[in-house]
Amino acid sequence: MVAVTQLVQQQVFLPRTKGVQQTFSIPIRLPEMFVLFLSGPPELNPHYEAVRQEAERWICNECSLDERSERIFKKTDASYFCSIIVPDAAPEELRTVCDWGNWVFPFDDEFDNGGLRDDPERAQELIDRLLGGMVDDEEPPMDDEYPLVRVHNSVWDRVRRGSPPGMLFERPGCPGVRRRFAKTMGDYCNGALAQVCTCSSGQAPSLEETLAMRRQSAGVSPLFALVEYALKLDLPDFVFETRSIKEIERVAIDLVLLQNDILSYCKEEREGVTHNLVAACRRSGMPAQMAFNYVGSMLISRYRDWYLALAELPSWGEQIDYEVQEYIRGVTNVVKANLDWSFHSRRYFGKASEIIRKTWMVAVQPQMADVEPNM
């Protein structure tokens, strides 16, 4: 999530944080990831281009971006990501998902490499303002001084209004999609805050600690609720309480964060970001290629878990089963979108995305474990 953050930090929110210059590097082969259910081209929502233009124009206006900053912002193309997640959504619902996608990248970067990365007090203040606007029976304020809070308040208001009470399975006055979106947003913000607290304390979390923290701070689970919203699903609570659905969601979150930490490592290495699973492996003493291979093996174990979870899925009858399959398709699309978008966008690899997609080769900075001892 880099170019968007730098322009928002520079112009409307926080001061820019510069990365570390790389002096020399060693070649690394990344694990291939377009495999199994992630192979093949994704399906793209036919309203992508029109909605993208509207969404980008709106957020650029909300954040008062100048012409140069707007060009940088548009290179991220979060609307492409979102249009893969809900290829069958109508324009209005797709627009809401795209607005959240355009919001989450600069918001997340504030905690990764921005002005909040080692400032827990300011991070807590921002999160309190954001979550304070997510009251189920009240309209969120649209005049907050922080552009990113205003943008999210608008998204929340549309989710709130688009999930009216009186649906078939939901408790009156408290639709499940609203509750799930609010809860997952709270989990995401708490994970981002924990990440900031760890960074500011100078701690170097272990691989297990990094994985637990990243499951929240990766910001994946709110997208599952947005799938429900965009596809107008009406699923009862007991579906989400079954072990198989929880496992499908858990595996999808892991797949996205594992993909992300592999593909974003070079960028985050330059920026000094430490909450990355590859970085955690290297801190533990693994040479660079071994670290990437180890995280790649974690991906393989999740593929197995995915199929096992699907095999254990119960049946609730035709009506519910159909919507459950639509939900699972949306969760699958979140994983596919993250992978495909990582190469479509120039966020991680810049102009080298296409050649890296073909060769799976990157360069990283060497550490002590990569240097052979003198004989």
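The values are calculated or read from the model by the stated rules, or taken from the named source; none is laboratory data. Keep in mind the model is a prediction, meaning the values are calculated, not measured. We place every Cβ from the backbone using ideal geometry, glycine too, and count neighbours over all the protein chains shown. Heads up: the accessible areas ignore ligands, DNA and RNA and are worked out on the full protein's heavy atoms, side chains in. Shrake-Rupley method; radii C 1.70, N 1.55, O 1.52, S 1.80 Å.
Quick notes
- The condition of being more than 21 Å from the chain's Cα centre (by Cα) and not in a helix (DSSP H, G or I) holds for only one of Pro46, Pro42, that being Pro46.
- Subset tally (residues that are of a type in the set (Gly, Ala, Ser) and surrounded by 19 or more Cβ atoms within 10 Å (Cβ to Cβ)) for region 223-277: 4
- Subset of region 336-351 [farther than 18 Å from Val278 by Cβ and either in a loop (DSSP other than H, G, I, E, B) or polar (S, T, N, Q) (or both)]: Ser345, Arg346
- Residue in region 98-112 that is over 19 Å from the mean Cα position of the chain (by Cα), under 16 Å from Arg150 (Cβ atoms) and of a type outside the set (A, V, I, L, M, F, W, C) present: no
- Out of Pro366, Pro314, one residue alone is in contact with a strand residue (DSSP E or B) (Cβ under 8 Å, 6 or more places away or on another chain), open to solvent by 20 Å² or more (accessible area, probe 1.4 Å) and not aromatic (Phe, Trp, Tyr). It is Pro366.
- Tally, over region 200-210, of residues that are among the polar types (S, T, N, Q) and either open to solvent by less than 40 Å² (accessible area, probe 1.4 Å) or not in a loop (DSSP other than H, G, I, E, B) (or both): 3
- Test: residue in region 59-70 that is closer than 30 Å to Tyr294 by Cα, open to solvent by 70 Å² or more (accessible area, probe 1.4 Å) and at pLDDT 85 or above: no
- Summed over region 311-336, the residues that are among the hydroxyl-bearing types (Ser, Thr, Tyr) and over 27 Å from the mean Cα position of the chain (by Cα) give a count of 1.
- Screening Trp103 on (1) open to solvent by 50 Å² or more (accessible area, probe 1.4 Å); (2) out of contact with any Pro (no Cβ under 6 Å at 6 or more places or on another chain) shows it passes everything except condition (1).
- Evaluation of His344 against (1) in contact with a Phe, Trp or Tyr (Cβ under 9 Å, 6 or more places away or on another chain); (2) open to solvent by less than 70 Å² (accessible area, probe 1.4 Å) (one fails), failing number: (2)
- Residue match in region 211-222 (condition: out of contact with any helix residue (DSSP H, G or I) (no Cβ under 8 Å at 6 or more places or on another chain), within 25 Å of Leu116 (Cβ to Cβ) and open to solvent by 20 Å² or more (accessible area, probe 1.4 Å)): yes
- Residue pairs whose Cβ atoms lie under 6 Å apart, separated by 6 or more positions or on different chains, with the first residue in region 62-81 and within 20 Å of Glu43 (Cα to Cα) and in contact (Cβ under 8 Å) with a residue 40 or more places away in the chain and the second among the β-branched types (Val, Ile, Thr) and not in a loop (DSSP other than H, G, I, E, B), are Thr76/Val4.
Here's the yes/no breakdown for (1) of a type outside the set (Asp, Glu); (2) surrounded by fewer than 23 Cβ atoms within 10 Å (Cβ to Cβ):
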site	(1), (2)
His47	yes, yes
Val51	yes, no
Ile72	yes, yes
Asp77	no, yes
Cys82	yes, no
Val86	yes, no
Glu92	no, yes
Asp108	no, yes
Phe111	yes, no
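- Glu354 vs. criteria acidic (Asp, Glu), at pLDDT below 95, surrounded by fewer than 18 Cβ atoms within 10 Å (Cβ to Cβ) and part of a helix (DSSP H, G or I): yes
- One residue stands out in region 182-197 among those that are more than 30 Å from Ser163 (Cα to Cα) and open to solvent by 30 Å² or more (accessible area, probe 1.4 Å): the one that is modelled with the highest pLDDT, namely Ala194.
- Any hit, region 291-303, residues being open to solvent by 20 Å² or more (accessible area, probe 1.4 Å), at pLDDT below 95 and within 19 Å of the chain's Cα centre (by Cα): no
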